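Report on the structure given below.
The values are calculated or read from the model by the stated rules, or taken from the named source; none is laboratory data. Worth saying up front: this structure is predicted, and the values here are computed from it rather than measured. Reconstructed Cβ throughout: ideal geometry from the backbone, glycine too, with neighbour counts over all protein chains shown.
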Amino acid sequence: MDAFTTHTGTAAPLRRSNVDTDQIIPAEYLKRITRTGFEDGLFVAWRTNEPDFVLNQPQYAGASILVAGPDFGTGSSREHANWALLDGGFRVVISPRFADIFRNNSTKAGLLTVVLPEADVEALWAAVEADPALPVTVDLQAEQVTYGDVTVPFQIDPYTRWRLLEGLDDVGLTERHLDDITAFEAQRPAWLPRSLPALPA
Amino acid sequence: MGQTLAQKVYESHVVRRTAGEPDLLYIDLHLVHEVTSPQAFDGLRAAGRRVRRPDLTMATEDHNVPTLDILSPIADPVSRAQVEALRRNAAEFGIRLAPMGDRDQGIVHVIGPQLGLTQPGMTIVCGDSHTSTHGAFGALAFGIGTSEVEHVLATQTLPQYPAKQMSVTVDGELPAGVSAKDVILAVIAEIGTGGGQGHVIEYRGSAIEALSMEARMTICNMSIEAGARAGLIAPDQTTFDFLQGRPHAPQGADWDAAVAHWSTLRTDPDAVFDREVHIDAASLTPYVTWGTNPGQGLPIGASVPDPAQIADENERRAAESALAYMGLTAGTPLREIEVDTVFLGSCTNGRIEDLRVAAALLAGKHVDPNTRMLVVPGSVGVKQQAEAEGLDRVFIDAGAEWRGAGCSMCLGMNPDQLKPGERSASTSNRNFQGRQGKGGRTHLVSPAVAAATALTGRLTAPADLEMAGV
């Protein structure tokens, strides 16, 4: 995972709530067994069917910060949604509320999710619609979003922030505690089920 | 202060707790399917890691599988390659796999309980958001992404923070024709798709206690549609009776020890929930969705809402775009909406009880000539049981299609899909745009409403059939 410290780019205003992961990338793109190259599936239905969809508008073509309405990333647990956003050039998604699994997947994939109150999202929408070239800076170190003369603080749990800043892989961190895992396993009740061997019905 | 059921299960699985870091939580069962696992196995290979506990891991093929010609190779080369990747990975890492054609194959959330691998008090994860289904047994079960699948494969643990606690209490008696599906659709309509965000939901109350295990699974399954990663129900005699004698359930003295432990898995009287929701069972009617998120549902007697009447701007905009996508006009009675397809199946409603309810309504009758009905058992086990009970004949004689087991028309990853503009009444869990096929329009319904709708060709409650003399 790439480290995330601070990012400056332009923002795309996605004025929609309840953007589910089926919209971010439909299931037919999930048949692939690779981890990259999902940009062709990103919002493909809206890009195909809605000529004025925000990501079809040339002024937002280079956007790297997506600003969405509440309940972004609901539905399926597909991490392909996070990969597609990264592959499509996004490093940050800002929304008043994220679905839990999407947000969690983002921290593993290196996509920063920033929760801002609805009023701040509205203000940011208005600002980038007025000036699509407006630079927006998302500073994870300082925990703030800055554009024009506006600075909005955001919160993120310190551990996730540290992992993102360092670009650390969770599995490697957990493997430092293998002794704890082995000790835990030694005291699990014997009657807990095992999938092996397969037992007859 | 007392603990909730979810807190008890969580706390008993904490491997390591250190200030300033997430807890390391032990995972008792990891369910795997072909869609969200290939990149995780690639990650293991790239790092030279093995699967720590193949004996706590179980894989099956479900999302991509066709429900016709299930013994032939999959025709779609991309789907076939994904299924073949799972077979290679399962063989290489020593994981048990129930492939197409196997007696244990089926939707991952149907086979866990069927095999007795899902038990009270366990932690269960899967790279699938409907893992919440297993909460019906009093397990803490939740969906994860592919990076976490890799983490669990490698370490049998996950870094986690404790969730907030929500209770949904459903008291009273459900009216005839009103089912678990209607309860959960009503809950989601009430609290919204983000209402459970950050929470685990415990479903409680006399109406929940009266439900079968199949019905409890339907409710817990759709916790994710209410925004909660996990939903659960305290285990009781209904749970124990369902489990006893299943292949992987404990036996003899182990059974007694397990039941003694399971019986302690209840929320303490003095436990505190962060949020409490109360629903009066007697007030519920069959629910159907009209929009493109699961929170956009109403009693079947209602009409398509008018977005202009919705005060919240986000909600209003969502309703406008939903009506445009669904091809619906505000004010149209829901009962007048005609459908092309009825889908009975999925991890929400593809179990034997769901098939029985639908078959009872269809027996001796015929599906509307302009409507196609697809009946897809959730697993090979469900299919065999239904056939032993003669339900397959009931469906076939009624003009429905009787298929092989899989996720089928719940999502557009296999040949069972809606065509653009087609409209379905579906017992699945998501009415998202394009979910059942590009341009497809989905109304989420219960198995009873699905069967009644198949008979009339428009959204219909079971009680309507008697009045209409169908």
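Residues that are in contact (Cβ under 8 Å) with a residue 40 or more places away in the chain and part of a strand (DSSP E or B): does segment B:170-179 have at least one? Within segment B:170-179, one or more residues are in contact (Cβ under 8 Å) with a residue 40 or more places away in the chain and part of a strand (DSSP E or B). When the strands (runs of 3 or more DSSP E) confined to segment A:81-166 are screened for residues that are more than 16 Å from the chain's Cα centre (by Cα), those reaching at least 1 such residues are found at A:136-139, A:144-147, A:150-153. Out of the residues in segment B:252-271 that are part of a loop (DSSP other than H, G, I, E, B) and loosely packed, with under 13 Cβ neighbours inside 10 Å, which is nearest to the chain's Cα centre (by Cα)? Only one residue tops the list, namely B:Thr264.
For A:Phe98, indicate whether it is touching a residue at least 24 places away in the same chain (Cβ under 8 Å), under 27 Å from B:Ala46 (Cα atoms) and either more than 7 Å from chain B (Cβ to nearest Cβ) or in contact with a Pro (Cβ under 9 Å, 6 or more places away or on another chain) (or both). No: the conditions fail for A:Phe98. Cβ separations smaller than 9 Å between residues 6+ apart or across chains give the following pairs from segment A:37-57 residues that are among the basic types (Lys, Arg) to residues that are in a helix (DSSP H, G or I): A:Arg47/A:Leu55; A:Arg47/A:Asn56.
Specify the residue that is farthest from the other protein chains (Cβ to nearest Cβ); the eligible residues are those in segment B:39-80 that are of a type in the set (S, T, N, Q) and crowded, with 18+ Cβ neighbours inside 10 Å. Looking at the filtered set, the residue picked out is B:Thr67. Hey, among B:Leu411, B:Leu455, B:Leu418, B:Leu444, which residue is out of contact with any strand residue (DSSP E or B) (no Cβ under 7 Å at 6 or more places or on another chain), among the aliphatic types (A, V, I, L, M) and within 29 Å of A:Arg16 (Cα to Cα)? After ruling out the rest, the residue left standing is B:Leu411. Between B:Ala47, B:Ala40, B:Ala6, B:Ala19, the distinction of being of a type outside the set (Lys, Arg), within 18 Å of B:Phe142 (Cα to Cα) and out of contact with any strand residue (DSSP E or B) (no Cβ under 7 Å at 6 or more places or on another chain) belongs to B:Ala40 only. Only one entry of B:Ala226, B:Ala281 meets the criterion of being hydrophobic (A, V, I, L, M, F, W, C), touching a helix residue (DSSP H, G or I) at 6+ places or on another chain (Cβ under 6 Å), farther than 23 Å from B:Gln436 by Cβ and touching a residue at least 12 places away in the same chain (Cβ under 8 Å), and that entry is B:Ala281. Which one is farthest from the other protein chains (Cβ to nearest Cβ), of the residues in segment B:197-224 that are polar (S, T, N, Q) and outside any helix (DSSP H, G or I)? Going through the qualifying residues, I end up with B:Ser212.
Taking segment A:151-161 as the range and being more than 8 Å from chain B (Cβ to nearest Cβ) and either surrounded by fewer than 14 Cβ atoms within 10 Å (Cβ to Cβ) or within 22 Å of B:Met58 (Cα to Cα) (or both) as the test, the residues that pass are A:Thr151, A:Pro153, A:Gln155. Applying the condition of being crowded, with 22+ Cβ neighbours inside 10 Å and polar (S, T, N, Q) to segment B:1-38 and asking which residue is nearest to the other protein chains (Cβ to nearest Cβ) yields B:Thr36. Scanning segment B:116-133 for residues that are closer than 19 Å to B:Gly345 by Cα and within 12 Å of another protein chain (Cβ to nearest Cβ) turns up B:Asp128, B:Ser129, B:His130, B:Thr131, B:Ser132. Just wondering, is there one or more residues in segment B:86-109 that are within 25 Å of B:Gly231 (Cα to Cα) and within 10 Å of chain A (Cβ to nearest Cβ)? Looking through segment B:86-109, none of the residues is within 25 Å of B:Gly231 (Cα to Cα) and within 10 Å of chain A (Cβ to nearest Cβ). Among the numbered conditions (1) in contact with a Leu (Cβ under 7 Å, 6 or more places away or on another chain); (2) crowded, with 23+ Cβ neighbours inside 10 Å; (3) at pLDDT 95 or above; (4) farther than 24 Å from B:Leu298 by Cβ, the only one that B:Arg403 does not meet is (2).
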